[in-house]
Amino acid sequence: MSNYVAFQTRKERAIKEFEYILQTYILPLIQHDGQLILKYEATKSTNLKQHIKRYPKKKDVLYFFPALCTPQFHFRIKTSNPTQELGAAEAVLREIMCVSNFDYRTENFTTTNYYDKNNLYRNTRFDVAFEVGLCSWLGSKCVYELIQRLREWSQRTYEGNHMSFGFIIDTTKNTTGVIDYLSFLKSNHSAVFTDGMSSGIKLDSEGRIVKYFSAMQERATSNKSHTPWTPYDFVDFTNMCHSENGSNWIGVIMQSNGDMLIFKSRQLVFVKRNGRWMYLDSYTIHTALESKYKGKDVFGEKRFADAIYLSALDTSFAHTGGCVAIIDDQYIDIVQRQCFPKDSLDNEDSLSEKKSIIKRLISTGSIDGEKQYFQYLDRKLRLELLSLDGATVLDSSGKILCVGAIVKVDSGSDEGGRMAAAKELAKYGLAMKISMDGSIQCFASPDINSEPVELFKTL
């Protein structure tokens with residue numbers, strides 16, 4: 001093989017690897033539209049500051065460079081949010097490029113020899129680099145060390161039980177003369193402290209103890225006017241994860257099932273589930289909901305969109321499964337007749353005991369004096385209604401049409417009940433399916449004659 005052919009083959013492999021890195025690790029952290037576009041244009045800059053750039057004249061396009069010094073190619077993609085924060089994605093990409101098979105700074109893309117087992121080791125290197133980059137963005141190496149200790153505990157038990165842990169780290173504070181807790185986490189004695197929900201330990205940037213806390217004690221000083229973007233059970237914990245008075249508190253929880261959660265700026269931002277890190281971006285989900293009803297003022301009241309998103313989060317982490325749909329006004333009569341004729345709360349001819357109880361709970365569980373509107377129900381009640389077997393169906397103002405409806409679907413469907421129901425209801429508006437394993441999928445149709453398309457999938 002000639003040197004030129006070898007170079008071309010190596011270049012193609014380098015491009016393919018960089019595209020894999022972007023698709024697998026970076027794009028899930030970024031709000032984007034469409035597909036990656038490869039450009040062979042070499043940048044004129046010999047000293048780029050970031051791997052990810054947006055230019056003033058093209059703010060709706062993101063550029064991804066494999067090297068900071070005269071890269072020979074780059075990728076572009078359109079972004080749905082020109083002002084989005086790119087810090088996490090930049091930190092992760094910078095770290096992954098340090099362990100790439102190829103040296104993208106060189107003209108001939110020289111490779112690093114990992115004993116001819118590049119692909120065997122590659123994903124493990126990239127996974128570790130992802131976590132290192134993520135923790136670098138969070139602001140403390142202590143976060144990474146803590147995650148390693150918790151990962152070890154995910155493979156251990158204490159008296160036969162898998163344990164939960166909860167910590168909040170001040171990435172700006174470095175105290176002296178206090179005890180290091182990270183080394184103590186290697187001991188079985190550490191298993192009884194913190195429960196990963198209502199109690200925890202505050203650490204400084206080096207992993208030393210600042211104080212023990214219970215969420216109930218901290219509740220009195222929390223910002224009650226702010227609704228944190230987090231599952232219901234972690235609201236008090238999340239409210240403590242913020243920047244204030246020179247401190248920057250980052251929350252880390254490991255649940256007994258091994259799931260790992262990271263909190264920042266009073267919201268849940270990352271979840272590690274089944275060995276995979278996922279980024280929770282409330283902006284993307286809100287945008288997907290609002291774009292479906294653009295110009296119809298359905299989500300003009302932010303409270304409705306918030307209620308849908310938070311209730312989906314609550315159901316995901318409760319692992320009960322659920323299905324919720326929003327029906328376009330022009331299809332309500334059709335849906336009530338065809339999909340759940342006996343389950344409509346307005347149908348007085350089939351008033352079962354279950355329906356009577358649900359109507360009473362809804363009327364007495366409402367806040368602010370509103371009746372039968374989803375966004376005005378107590379948040380815990382919304383979760384319990386979604387947990388019922390069947391679908392919760394709303395109109396575009398949030399009025400509850402039915403709860404626990406058994407939706408009629410086309411015969412021959414080989415999908416699960418919730419998925420089939422969600423896709424059937426999505427023909428008439430928008431529907432979300434929340435699996436018992438926690439994943440959330442949202443579907444919508446442009447019109448009644450079109451097949452539903454997936455708006456987003458998370459967790």
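Just so you know, all these numbers are worked out from the coordinates, no wet-lab data involved. From a predicted model like this one, the values you see are computed outputs, not experimental measurements. Note that each Cβ is placed from the backbone with ideal geometry, even for glycine, and that neighbours are counted across all protein chains shown.
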With DSSP loop assignment and no more than 13 other C-beta atoms within 10 Å, the trypsin sites (Lys or Arg not before Pro) in the stretch 124-202 are ARG156
Counting Lys and Arg as +1 and Asp and Glu as -1 over every other residue whose Cβ sits under 10 Å from the Cβ of GLY258, the net charge comes to +2
If unit charges are put on Cβ atoms (+1 for Lys and Arg, -1 for Asp and Glu) and the dipole of the stretch 282-458 is taken about its Cα centre, the option from THR392, SER282, VAL324 lying farthest towards the positive end turns out to be SER282
Taking chymotrypsin sites (Phe, Trp or Tyr not before Pro) as exposed when in a DSSP loop with at most 12 other Cβ atoms inside 10 Å, the chain has its longest clean stretch at 116-459
Note: the chain, point scatterers on Cα, Debye, no solvent; log10 I/I(0) at q = 0.10 Å⁻¹ equals -0.86
Filtered pair list for the stretch 391-457 (Lys only, Cα < 13 Å, 8 or more apart or interchain) has a length of 4
Longest the chain segment clear of GluC sites (Glu not before Pro) sitting in DSSP loops (not H, G, I, E or B) with at most 15 other Cβ atoms within 10 Å runs 160-300
